[in-house]
Each structure stands twice: as structure tokens, then as C-alpha cells.
Amino acid sequence: MQTQNKPINGWRVCFSVVYLAIAVSIVLFRRDEIFFLEPRPTSYQFDLFLWCLSASSFGFSVLAFQLRHIPQSPFPVYITYYPAILVAQSALVFSVTHFFTASSGFTFYYLSFAVCFILAVTVDNFWNLINSVVSRGGN
């Protein structure tokens, strides 16, 4: 199978690195607050939301790197549209996984990271997914 050498869009690679840096820095700088053995009953668990946001940023960095051969400019959607969608996805996953007692312990980390990562990699299909869930729930 022959592969074609397409030019690499430097901006997409740059944004991939930026989103990866955001993901890693959240975990590095807040790791003591994110990872704990006993839940803190007096907090709003903002650090667990940051865990979800980190997973979403990591997934989006993978997507941006996959799209490095697409020549269209990533501006302005990579700095306006996608961050808002990633925050919304992270909030949705955080609220759903933290709502149930079964997933609010150690399972939260595995489940929320996986779901946030998958949603971020498939971020362009997010609204289609929401519409299908809502339409199935109405039936």
C-alpha cells in the first residue's frame, strides 16, 4: 500500500502540543488534590472536574495530531469552539460519573478518563451523539 507524503499543518501540530501540555500540567500541578483515598465531603470536587478536563484535553491533542495533514487553518475554532465543547463534555462526564455512588470512588478515575478521552477524540460527532441519546429517550 502506497502512502502519500502530504504536507504537515504546523498549526495543528502546535495546538496538539498545547492541548497535551494543558492535560499534563493539570495533572502535575493538581495531583495532590485530584488523587485522594477518602472523598472530601466539604468540597465541590472541582479537582475531579479538572481530572475530566485533563482527559478531554489529552484526547483532543490526539485528535489534533491525527488531523495534522489537513491544510485548512485551525483558527479560530481551536481557541473558541473546541475549548467550550471540551469543558461542556468534561462537566457532563464529571456530573454523570460522580452522581452514582458506584462510580464515585476509584472507578471514577478509570471511567471518567476513558469517556472524556473518547468524547474528545470524537468531538466533531458530539452533538450527533447527544441528539441520538435525546431522541431515544423520548421514545
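The values are calculated or read from the model by the stated rules, or taken from the named source; none is laboratory data. These figures come from a predicted structure and were not determined experimentally. Note that each Cβ is placed from the backbone with ideal geometry, even for glycine, and that neighbours are counted across all protein chains shown.
Overview of results
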item: Single residue of segment 4-32 satisfying the filter (polar (S, T, N, Q) and out of contact with any Pro (no Cβ under 9 Å at 6 or more places or on another chain)) that is nearest to residue 81 (Cα to Cα); result: 16
item: Tabulated pairs, segment 12-24, first without any contact (Cβ under 8 Å) to a residue 40 or more places away in the chain, second assigned to a helix (DSSP H, G or I), C-beta under 7 angstrom, 6+ apart or interchain; result: 22/57; 23/54; 23/57; 23/58; 23/61
item: Unmet requirement for residue 3, which otherwise passes all of (1) among the polar types (S, T, N, Q); (2) modelled with pLDDT under 85; (3) buried (at least 17 other Cβ atoms within 10 Å of the Cβ); result: (3)
item: Any pair with Cβ under 6 angstrom, 6 or more apart, that starts in segment 107-133 at a residue that is farther than 20 Å from residue 49 by Cβ and in contact (Cβ under 8 Å) with a residue 12 or more places away in the chain and ends at one that is of a type in the set (S, T, N, Q) and buried (at least 18 other Cβ atoms within 10 Å of the Cβ); result: none
